[in-house]
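**Student:** Below are the structure tokens for one structure; questions will follow.
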Amino acid sequence: MTYEQIIRDFFQVCEAHKMIQTWGYGQLTDLVDPYNQEAQDYPYAFLIPQSHLIAEHSMQYNFQLIMQELVMGGQSEVIRAQSDALLYIKDILAHFYYHLEGYDFDLNVQVTPFREKYDDSVAGMTANIQFIVRDALDDCIAPYE
């Protein structure tokens, strides 16, 4: 499984979700630029790559997943948006875990609630997730003579 396939799987999971409206990938500065979508609607899932780990028999891919919702009201709306964001994060992880082959997880996922003002006022959760893929180093397929 390639890095590109993991990102593609993430996009497909978000696209199939009936609540998530927009998804993206990149650095935090790219948050306002959704992937292949004209508008940024909410809820919005955004995947930020972190440092990855190459091991002898596996690859560990680390990401920060930001799930956010537009908030216009007070504290109760912020809490509802954070609660919904947590549910959507769990939906994504469950879909990877139960429906996609080849992924192992660190299921001790740390989530942090937030409220921020970017171009819009948003609230949600940030999750630090790890995908572990069995991927042994293989010198036989390397392009050497």
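The values are calculated or read from the model by the stated rules, or taken from the named source; none is laboratory data. What you see is a predicted model, and the numbers here were worked out from it, not measured in a lab. Every residue, glycine among them, receives a Cβ derived from its backbone with ideal geometry; neighbour counts consider all protein chains shown. Accessible surface is based on the protein model in full, side chains and every heavy atom, while ligands, DNA and RNA are left aside. Shrake-Rupley method; radii C 1.70, N 1.55, O 1.52, S 1.80 Å.
**Student:** Only one residue in I92, I79 is out of contact with any Pro (no Cβ under 6 Å at 6 or more places or on another chain), open to solvent by 90 Å² or more (accessible area, probe 1.4 Å), part of a helix (DSSP H, G or I) and of a type in the set (A, V, I, L, M). Which one? Full working, then the answer.
**Tutor:** Values: I92 fails: open to solvent by 90 Å² or more (accessible area, probe 1.4 Å).
Only one candidate passes the filter, namely I79.
**Student:** Taking the stretch 39-60 as the search range and keeping residues that are among the hydrophobic types (A, V, I, L, M, F, W, C) and surrounded by 20 or more Cβ atoms within 10 Å (Cβ to Cβ), which one is farthest from Y3 (Cα to Cα)? Talk me through it step by step, then tell me what you get.
**Tutor:** Kept after step one, since they are among the hydrophobic types (A, V, I, L, M, F, W, C), are these residues of the stretch 39-60: 39, 45-48, 53-55, 59.
After this cut, where a residue has to be surrounded by 20 or more Cβ atoms within 10 Å (Cβ to Cβ) as well, the list is 45-47.
Details: A45: 18, F46: 16, L47: 13 Å.
It comes out as A45.
**Student:** Quick check: anything in the stretch 61-74 in contact (Cβ under 8 Å) with a residue 60 or more places away in the chain, open to solvent by 30 Å² or more (accessible area, probe 1.4 Å) and assigned to a strand (DSSP E or B)?
**Tutor:** The answer is yes; a qualifying residue exists.
**Student:** Return the only residue of D104, D119 being open to solvent by 50 Å² or more (accessible area, probe 1.4 Å) and out of contact with any strand residue (DSSP E or B) (no Cβ under 6 Å at 6 or more places or on another chain).
**Tutor:** Selected residue: D119, the only one of D104, D119 that is open to solvent by 50 Å² or more (accessible area, probe 1.4 Å) and out of contact with any strand residue (DSSP E or B) (no Cβ under 6 Å at 6 or more places or on another chain).
Conditions (1) of a type in the set (D, E); (2) under 21 Å from R134 (Cα atoms), marked per residue:
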position	(1), (2)
E15	yes, no
K18	no, no
L31	no, no
Y42	no, no
I48	no, no
I54	no, yes
G74	no, no
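**Student:** Return the residues of the stretch 8-22 that are open to solvent by 10 Å² or more (accessible area, probe 1.4 Å), in contact (Cβ under 8 Å) with a residue 12 or more places away in the chain and not in a helix (DSSP H, G or I); say none if nothing qualifies.
**Tutor:** H17, M19, Q21
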